[in-house]
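The values are calculated or read from the model by the stated rules, or taken from the named source; none is laboratory data. As the structure is a prediction and not an experimental result, all values here were calculated from the model. Glycine gets a Cβ as well: all are built from the backbone with ideal geometry, and neighbour counts include every protein chain shown. Each accessible area value is taken on the protein alone, full model and side chains, heavy atoms only, with ligands, DNA and RNA left out. Shrake-Rupley method; radii C 1.70, N 1.55, O 1.52, S 1.80 Å.
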Amino acid sequence: MKETRLNHIVGKVKDMPVLPNRVNKIIKITEDPDSTIEDLEKEILKDQSLTSKILKLANSAYYGYPRKIDTVSQATILLGFQTIKSMALASTVSKMMAHELKGYALGENDLWTQSQTCAIISRYIAKEVNFSNPETAYIGGLLRDIGKTILNFYVEREYKSIVNKVEYGNLSFLEAEEEILGFNHAQVGEKIAEKWNFPKDLVEAIGLHHTPEKSIVNPALVSIVHIADAITMMMGVGIGADGLNYNFSSFAVETLEGFNPENLDQIMSKSYDLIVDKNSFDLNIQ
Ligand SMILES: [Fe+2]
């Protein structure tokens with residue numbers, strides 16, 4: 001029975017849609033040091049909705065540019081290639097993450113809102129601790145729970161046994177998922193990230209966002225996403241069924257030298273400011 005379910009879950013991951021060609025092309029251009037603004041602009045302009053989101057973000061208060069930005073090339077210069085990459089990816093996954101997930105007690109758009117919040121906090125913490133690529137942290141934060149979109153169906157069916165394990169078996173929701181279903185949502189997310197050919201550090205950040213102490217490839221990135229995830233839950237954004245009992249892993253706190261948990265109030269209030277700015281936040285819902 002468990003074996004059948006495991007194969008079924010792996011099959012579901014295999015059936016996940018691949019990233020559209022257009023998005024893969026944009027990712028390639030942003031990662032190629034020889035590409036020019038014109039190369040990227042040409043690709044962006046093929047997608048009307050992405051074009052308008054990029055212009056909206058460039059003109060948001062977050063960037064505080066004094067004059068109106070009305071061309072994609074100006075916006076690309078202001079935002080940078082890495083931010084454009086995050087936006088192209090976000091506009092694709094928003095559709096996958098906007099559905100209601102009954103197994104996790106998440107209503108329509110809850111996971112998506114929560115993921116954008118976690119992404120923004122990840123980028124903010126990355127900058128605070130001088131992490132080399134804050135945009136990678138953004139993508140890690142955005143996708144850390146994507147495995148829930150697949151596991152939801154099984155969690156819903158086994159909800160009682162999972163909650164029983166949490167209440168009486170002294171397990172976390174994540175451990176109960178793994179014990180009852182054979183996979184936890186982080187492991188399923190890792191498989192999706194592998195399928196999408198993400199770099200190793202991002203695959204790891206998604207797979208270990210609840211267990212950063214297992215990190216080998218990039219402990220700082222995993223720790224940033226872990227802490228941002230915990231802060232998102234503490235802020236109560238679309239908290240869902242597994243939103244209780246979140247703590248920072250001491251490994252993550254020790255790994256990020258520039259992060260001081262005593263400044264948590266300050267970090268949370270800064271995070272509220274960032275997500276309250278609608279123009280820089282809710283850009284990607286179709
Ligand atoms: Fe998670």
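Results, tabulated for the structure shown:
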| read-out | value |
| --- | --- |
| Nearest-ten-degree value, helix 264-276 long axis tilted from longest Cα axis of the chain | 60 |
| With Cα atoms, 0 to 90° folded angle of helix 2-15 axis to the chain main axis | 10 |
| Low-density loop cleavage sites - GluC sites (Glu not before Pro) in the stretch 105-182, where at most 11 other Cβ are within 10 Å (DSSP) | 108 |
| For the chain, alpha-carbon Rg over 2.2 N^0.38 Å | 1.00 |
| Charge context of residue 252, other residues only, Cβ under 11 angstrom, K/R +1, D/E -1 | -3 |
| Long pairs among 14/42; 28/200; 28/214; 53/270; 148/195, criterion Cα-Cα beyond 26 Å | 14/42; 28/214 |
| Linear extension gain, residue 61 paired with residue 257, 0.36 nm per residue minus alpha-carbon span | 67.5 nm |
| The stretch 197-213-the stretch 1-66 distance, computed between alpha-carbon centres (Å) | 19 |
| 0 to 90° range, to nearest 10: angle between helix 148-157 axis and the chain longest Cα axis | 30 |
| Efficiency of FRET from Cβ geometry, residue 31 and residue 4, R₀ 41 Å, rounded to 0.05 | 0.55 |
| Potential lengthening between residue 156 and residue 100 on full extension [0.36 nm per residue; Cα-Cα distance subtracted] | 19.0 nm |
| Heavy-atom accessible surface of the stretch 2-281: percent carbon and sulfur, 1.4 Å | 49 |
